[in-house]
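Structure, as structure tokens:
The values are calculated or read from the model by the stated rules, or taken from the named source; none is laboratory data. All values derive from a computational prediction rather than experimental measurement. Every residue, glycine as well, gets a Cβ built from its backbone with ideal geometry; the counts of neighbours run over all protein chains shown. The accessibility values were calculated without ligands, DNA or RNA, using every heavy atom of the protein model including side chains. Shrake-Rupley method; radii C 1.70, N 1.55, O 1.52, S 1.80 Å.
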Amino acid sequence: MPFMVYFKSVTIYSMSFLYLFVGIKHFTNPSFFEAIVPPFFVFKESLVYISGFIEIAIAVLLVVKKTRRIGAYITIGLLVAVFPANIYLFISETARDVLGVTKHQALIRMPFQIPLIFIAYWHSQESSSKRFSIISCILFVPTLLYFISI
């Protein structure tokens, strides 16, 4: 198995595990996530549970090769949908206090949505150019390290 194919499998399973872990956390500690839901959204607790369910579904869909593409596209949609929470985390001192992050840390968190989307798109592709795969591999390492560290 060529290294790039092997490493892509590692990234798929790693991201699947992370989405599963975070998805479960939505159910075990919903108040953590409710704190970063912007105030203009109603039914915060329901939104937290829905997004947690979607993350768990993404984890399963990514692992199964037949459903990986749809799982990756759902991942992209979810990352776009939850981006307002990252903005709110940056602008809300209350949200930052609940999550225990500084304004600087909240700012650093926002751009990581881009490599997550990039990696999800890579996962949606059965095969991709060598350049795209190399860029995705390079993006994966710091992205994974960042999310493990928080």
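Accessible area per residue of segment 72-139 at 1.4 Å probe, in Å²?
Numbers: 3680 Å² over 68 residues.
Per residue, segment 72-139 has an accessible area of 54 Å².
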Given 37 °C, 0.692 mPa s and a Kirkwood radius over Cα pairs, the Stokes-Einstein diffusion coefficient of the chain in µm²/s is 206
Plugging the Cβ-Cβ distance of Phe40 and Lys103 into 1/(1 + (r/R0)^6) at R0 = 25 Å yields, to the nearest 0.05, a FRET efficiency of 0.75
With x for Gly and Pro, the residue-by-residue ³J(HN,Hα) of segment 135-150, computed from phi through the Karplus equation 6.51 cos²θ - 1.76 cosθ + 1.60 at θ = phi - 60° and given in whole Hz, is 4, 4, 4, 5, 5, 4, 4, x, 5, 4, 4, 4, 5, 5, 6, 8
To the nearest 10 degrees, the tilt of helix 113-124 (Cα long axis) against the first principal axis of the alpha carbons of the chain is 40
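Roll a 1.4 Å probe over the protein chains and send me the accessible area per residue for segment 20-64 in Å².
Values: 2520 Å² over 45 residues.
Using a 1.4 Å probe on heavy atoms only, each residue of segment 20-64 averages 56 Å².
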Along segment 65-70, Karplus-curve 3J(HN,Hα) (6.51, -1.76, 1.60; θ = phi - 60°) to the nearest Hz, with x for Gly and Pro, reads 4, 5, 10, 4, 4, 5
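Working out 0.36 nm times the residue gap between Thr94 and Ser129, then minus their Cα-Cα distance, what length gain in nm do you get to one decimal?
Values: separation 35, 0.36 × 35 = 12.60 nm, distance 4.41 nm.
Taking Thr94 through Ser129 to full extension adds about 8.2 nm, to one decimal.
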Whole-Hz Karplus couplings 3J(HN,Hα) for segment 90-95, θ = phi - 60° and coefficients 6.51, -1.76, 1.60, Gly and Pro as x, run 5, 8, 9, 5, 4, 4
As straight-line cross-link partners of Lys8, the qualifying aspartates and glutamates (C-alpha separation under 19 Å, not fewer than 8 residues apart within one chain) are Glu126
If one compares the long axis through the Cα atoms of helix 44-63 with the longest principal axis of the Cα atoms of the chain, the angle in degrees, nearest 10, works out at 10
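Of all accessible surface on the chain at a 1.4 Å probe, what whole percent is carbon and sulfur?
For the chain, the apolar C and S fraction of the accessible surface comes to 72 percent.
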Ranked output for segments 112-124, 27-39 by mean other Cβ atoms within 10 Å, highest leading, reads 112-124, 27-39
Summed over the other residues with a beta carbon less than 15 angstrom from that of Gln105, with K and R at +1 and D and E at -1, the charge totals +1
